[in-house]
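The values are calculated or read from the model by the stated rules, or taken from the named source; none is laboratory data. Treat the numbers as computed from the prediction; the structure is a model and nothing was measured. Cβ placement follows ideal geometry from the backbone for every residue including glycine, while neighbour counts extend to all protein chains displayed. In case anyone asks, the SASA skips ligands and DNA or RNA and just uses the protein heavy atoms, side chains included. Shrake-Rupley method; radii C 1.70, N 1.55, O 1.52, S 1.80 Å.
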Amino acid sequence: MFLSLTLLLLKLYQHFTLMFSSDRLTVPDYVSRLQRGRSGSGCEPKPVSPGLSADVQAALKDSLPALREAIRSLKSAKENSDSDETRRAIAEIYQLVEEAWVLPTVGRQVAEEICNRIRLDGGLEQLLQLQQTSAVEIIYESAKLLEQILISENRY
């Protein structure tokens with residue numbers, strides 16, 4: 001009885017230390033990488049603009065060139081039937097989208113703009129066509145990416 005009570009208390013202690021540890025509350029490194037281009041110390045209020053905010057534009061400035069290159073490489077790999085390169089391009093696009101969604105404060109705006117860019121640059125069409133391939137891994141990975149980028153503008 002005393003042993004089981006001691007084990008229960010030990011488990012509770014471990015659970016609460018894990019739950020309230022500082023590791024759980026840290027921002028992942030890939031989010032910090034996207035926020036390097038932001039200006040200001042973060043303490044001063046920033047003016048609100050009717051278009052994209054400066055924070056969104058700064059995050060997109062870093063992300064859009066890499067996104068365009070990944071979409072170009074996806075198109076090229078699909079044309080050449082290079083499944084390894086196709087999977088690599090899908091993974092790169094997926095990482096950019098995932099990084100955008102988890103950005104604090106501006107993540108939704110950045111992610112939606114990236115999703116729109118994927119559609120406008122022909123990436124959405126390529127991903128939909130990849131659903132017709134015979135390679136199961138490519139179908140799965142492109143479907144996983146489609147799940148992330150199907151914002152309302154991309155569903156028509």
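For the reader, a short list of remarks on this structure follows.
- If you filter the range 122-152 down to residues that are in a loop (DSSP other than H, G, I, E, B) and modelled with pLDDT of 90 or more, you find that the one that is least open to solvent (accessible area, probe 1.4 Å) is Gly122.
- For beta carbons closer than 8 Å, sequence separation of 6+ or different chains, a first residue in the range 109-132 that is farther than 16 Å from Ala66 by Cα and touching a residue at least 12 places away in the same chain (Cβ under 8 Å) and a second that is open to solvent by 50 Å² or more (accessible area, probe 1.4 Å) and outside any helix (DSSP H, G or I), the qualifying pairs are Gln109/Leu52.
- Residues located in the range 95-106, provided they are over 12 Å from Ser63 (Cα atoms), open to solvent by less than 70 Å² (accessible area, probe 1.4 Å) and either touching a Ser or Thr at 6+ places or on another chain (Cβ under 7 Å) or outside any loop (DSSP other than H, G, I, E, B) (or both): Val106
- Only one of the numbered conditions (1) of a type in the set (A, V, I, L, M); (2) open to solvent by 30 Å² or more (accessible area, probe 1.4 Å); (3) in a helix (DSSP H, G or I); (4) modelled with pLDDT under 90 is not met by Val110, and that is (2).
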